[in-house]
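Rule-based calculations on the coordinates, nothing more; no lab input. Keep in mind that what you see is a predicted model, and the values were worked out from it rather than measured. Reconstructed Cβ throughout: ideal geometry from the backbone, glycine too, with neighbour counts over all protein chains shown.
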Amino acid sequence: MTESTTIRWEQDDTGVVTLVLDDPNQSANTMNQAFRDSLAVITDRLEAERDSLRGVILTSAKKTFFAGGDLRDLIRVTPETAQELFDGGLAIKRNLRRIETLGKPVVAAINGAALGGGFELALACHHRIALDTPGTRIGCPEVTLGLLPGGGGVVRTVRLLGIADALLKVLLQGTQYNARRARDNGLVHEVAESPEELIAKARAFIDAHPESRQPWDTPGYKIPGGTPAHPKFAANLPAFPANLRKQTNGAPYPAPRNILAAAVEGSQVDFETAQVIEARYFVELAAGQISKNMIQAFFFDLQAVNSGANRPKGVEARQVRKVAVLGAGMMGAGIAYACARAGIDVVLKDVSAEAAAKGKGYSEKLCAKAVAKGRTTQEKADALLARITPTAETADLAGCDAVIEAVFEDTALKHKVFQEIESVVAPDALLCSNTSTLPITTLAEGVERQADFIGLHFFSPVDKMPLVEIIKGERTGEEALARAFDLVRQINKTPIVVNDSRGFFTSRVIGHFINEGVAMVGEGVEPASVEQAAAQAGYPAKVLSLMDELTLTLPRKIRAETRRAVEEAGGTWTAHPAETVVDRMVDEFGRTGRSGGAGFYDYTEDGKRAGLWPGLREHFTKPGHDIPFRDMQERMLFAEALDTVRLLEEGVLTSVADANIGSVLGIGFPGWTGGVLQYINGYEGGLSGFVARARELAERYGDRFTPLALLVAKAEKGETFTDAR
Ligand code: NAD
């Protein structure tokens, strides 16, 4: 290899070399083999021609500055190939170190996203200038993929910012900064307003600093804020691991732990040794299962879902200009805000002008908060609010090209509401219902244009939750599906697509999580252990507290309706052991959940949770009746996973990526699993291991854990759950 294929050398007659990152075979520059080879060639040349050079500018010919490690390579790393990754990583690090110690000024002119590996390249430069464009994002998001920055990112951020700031501002949260915030937090030195200014500033730095070196290569350098050997730091160190556990709730996320270890250990040794320590912790994560799960879900699956792998092809994209939101309650108010934030005009209708105005009040509150926190300007907030028109008049819906209904969960009421408005809105308006449980096909019977009717299931709170579940009814047309998809993307949310069924995908599957937790209480397990098991499995909400939020009356209502439907269709109803617990809680003890002031938890007068209800132990708990903690966790995880397989078998779910993304973003399935089907793929022993374990659980806890035929067949064939694309 004597030629650089991904880094272009452009030299002017003043002795300044511009290194242009420009991989000819990819839309973004990544740390692939071609880059590793190119970097080696470029480094040799820089050293050979050192005396005739005045300085170096590193910039990109792509939209992103540099994208980082190639995730297609990383997801394939096994313990057997880990050494290769270790060696390759060290080779890059050594070359960056040679450039950093060249004795000539090297400037990163960051003209697009520099995340992960991209920021690490920039960190090896003496001076960093970021172009202030919407596309410029800077930081180390590796932790969100179960990894750590393995290209010197831990070693250099610790030396640049000090251990505490490096961990909190860059490494542990994976925050992505825009150009200005990156400067304010010390990640870059300067901001430029235009590409011309970017290069001019880079040249000015070179002119002014003919012999640059890094702070950490300057005599007398000390890590800002001290090293762990410093008494003040040492006093705080014991709290670090405990704080980390708090952050992840004790769930098995290995990346934060390795990041902490690499930062602290690396700060106590010389630069070169620190690089090796970082490489070791990086490779350990990359070879493990959890980073594979997270890369699969949060990179590949998310990209497939958002880019429209499930959107009907050939339907022209359309933007919604004016949306009617029917019902200004909790969901309607949130939906109105999300639409207005995306620039859509909203007519928010409720039964009275007061109720509609109250719904708009929700947006007013969110806007005031965003302005106070500096997340938006008063001007933008005013413009957002001006787009929402609250009303009680049907005539005000004229011209709306989409309708999102969010009135009470009642089929007859929803039919009536659609009848009132169908002839008023645009004649081809998209008709959506935000029902969380009612079959879309039945709801569609209330409108004339059934092909334009579709389910658009938002999650609460709408302004925070990134997912929308799109439900295709039996008569929903392809055009409506495409338009619903485009609408969800228009409001910057992630759409998954499922076929109609009671509870769809999300509401049905989360029910299994809750049922399993409640059933364990009924079996006599200590309720606090049940809560702890859910938290440590990585669920964001503990199971009994979630039940209280949803109310105990809701599952009874859903159960009664589902049971009626099953029996009407000639089937037999199989009771779940959770049912008797819920019935006793409501009928015997009058505890209906948080909104009723009492549920599995007690609540203070002002609605704050005040500990588990002591009566649970008295009426349900059997002292000494413990089941293994792992069983408790896996009962919840397996119950959800097994029903997801059933949904695939039933054709309600048609895509593995949708299942994975929907489960994590919509119903809190633990992120470390990479989603509910990736959890099965990544289970110890793969699908066969999962099947064997499911059989074990079935034997101990009931037939509902018996693995389905589809799962067993796949396991026997050695397959995994993946989308054929
Ligand atoms: P909510 O009780 O807070 O709000 C319902 C609103 O609809 C009320 O403001 C009511 O005045 C209004 N309304 C009733 N009849 C009306 C009519 N004829 N015309 C206009 N408005 C009318 O309920 P919510 O929690 O916002 O739920 C609304 C819908 O969203 C339900 O179908 C629910 O199943 C679904 N959903 C709820 C959640 C959730 O977490 N709460 C999540 C997803 C979906």
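What FRET efficiency comes out for the pair Gln33/Thr377, r = Cβ-Cβ distance, R0 = 45 Å, nearest 0.05? Don't skip to the answer; put the middle values down first.
Numbers: r = 46 Å, r/R0 = 1.02.
The value I calculate is 0.45.
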Point-to-point label distance, Glu49-Thr81, nm (Cα→Cβ direction, 7 Å offset): 3.5 nm
Eligible aspartates and glutamates near Lys622 by straight Cα distance, threshold 20 Å, same-chain separation 8 or greater: Glu516, Glu523, Glu526, Glu531, Glu579, Asp583, Glu588, Asp631
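Past 21 Å, Cα to Cα: identify those pairs from Lys63/Lys104; Lys464/Lys493; Lys360/Lys608; Lys349/Lys414, in the order given. If you can, show how the numbers build up before the last one.
Working: Lys63/Lys104 27 Å; Lys464/Lys493 10 Å; Lys360/Lys608 26 Å; Lys349/Lys414 14 Å.
Table pairs above 21 Å Cα-Cα are Lys63/Lys104; Lys360/Lys608.
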Long-range HN-HN contacts of Val346 with modeled amide H, under 5 Å: Val323, Ile388, Thr389
Net charge, Leu46 excluded, C-beta distance under 10 Å - Lys, Arg +1, Asp, Glu -1: +1
Tilt relative to the chain, helix 330-341 - C-alpha long axis, 0 to 90 degrees, to 10: 40 degrees
Charge context of Ala192, other residues only, Cβ under 13 angstrom, K/R +1, D/E -1: 0
Note, ³J(HN,Hα) from phi for the stretch 619-632, Karplus 6.51, -1.76, 1.60, rounded to Hz, x at Gly and Pro: 9, 10, 6, 10, x, x, 8, 10, 10, x, 4, 4, 4, 4
Dipole moment magnitude, nearest 20 debye, the chain about Cα centre, only Lys, Arg, Asp, Glu C-beta charged: 1240 debye
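Tell me, what is the FRET efficiency for Phe589 and Asp73 to the nearest 0.05, using R0 = 60 angstrom and their Cβ-Cβ distance as r?
On the way: r = 57 Å, r/R0 = 0.95.
E between Phe589 and Asp73, to the nearest 0.05, is 0.60.
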Qualifying chymotrypsin sites (Phe, Trp or Tyr not before Pro) in the stretch 337-426, DSSP loop, other Cβ atoms within 10 Å at most 10: Phe408
Mean Cα-pair separation over length for the stretch 371-501, i.e. relative contact order, pairs under 8 Å, 6 or more apart, %: 18 percent
Cβ-based net charge around Ile491, under 15 Å, with every Lys or Arg adding one and every Asp or Glu removing one: +4
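Note down the magnitude of the dipole of the stretch 474-615 about its Cα centre, charges +1 on Lys and Arg C-beta and -1 on Asp and Glu C-beta and zero elsewhere, to the nearest 20 debye. Before the final figure, lay out each step's value.
Values: 17 positive and 21 negative charges, 60 e Å.
With Lys and Arg at +1 and Asp and Glu at -1, about 300 debye.
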Charge dipole magnitude, Cβ of K and R +1, D and E -1 - the stretch 485-564, Cα centre, debye nearest 20: 420 debye
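Find how much the distance from Glu549 to Gln419 grows on full extension, using 0.36 nm per residue of separation minus their present alpha carbon separation; answer in nm with one decimal. Show your work: numbers first, answer last.
Details: separation 130, 0.36 × 130 = 46.80 nm, distance 3.25 nm.
That works out to 43.6 nm of additional length.
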Peptides 154-166, 291-303 ordered by average Cβ neighbours within 10 Å, highest first: 154-166, 291-303
Where labels lie 7 Å past Cα in the beta-carbon direction, separation of Lys63 and Lys369 in nm: 3.2 nm
Antiparallel bridge percentage (DSSP; both residues within the chain; nearest 5): 25 percent
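Counting DSSP beta bridges with both partners in the stretch 64-187, what percentage is antiparallel, nearest 5?
Values: 1 of 8 bridges.
In the stretch 64-187, DSSP labels about 10 percent of beta bridges as antiparallel.
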The stretch 597-604 - phi-based ³J(HN,Hα) in whole Hz, Karplus 6.51/-1.76/1.60, Gly and Pro as x: x, 7, x, 5, 10, 8, 10, 6
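I'd like the trypsin sites (Lys or Arg not before Pro) in the stretch 538-567 restricted to DSSP loop residues with at most 16 other Cβ atoms within 10 Å, sorted by number. Intermediate values should be presented prior to the final figure.
Working: sites: Lys542, Arg556, Lys557, Arg559, Arg563, Arg564; in loops: Lys542.
Listed in order of number, the matching sites amount to none.
Remind me, relative contact order of the chain in percent, using alpha carbon pairs under 8 angstrom and six or more residues apart? All intermediate terms of the calculation are to be shown ahead of the outcome.
Numbers: 1362 pairs, mean separation 66.5, N = 725.
Relative contact order comes out at 9 percent.
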Percent RCO, i.e. relative contact order, over the stretch 53-146, from Cα pairs under 8 Å lying at least 6 residues apart: 36 percent
Förster-model FRET efficiency, 51 Å R0, Ala398 and Ser194, C-beta, rounded to 0.05: 0.70
Candidate lysines for bridging to Lys222, where Cα separation is under 18 Å - those fewer than 8 sequence places away on the same chain excluded: Lys232
Angle between the chain longest axis and helix 353-372 axis [Cα atoms, degrees, rounded to 10]: 20 degrees
Selection of GluC sites (Glu not before Pro), the stretch 534-589, meeting DSSP coil and at most 16 other Cβ within 10 Å: none
In Hz, Karplus ³J(HN,Hα) per residue of the stretch 514-526 (6.51, -1.76, 1.60; θ = phi - 60°; x = Gly, Pro): 5, 4, 5, x, 5, 4, 5, 4, x, 6, x, 6, 3
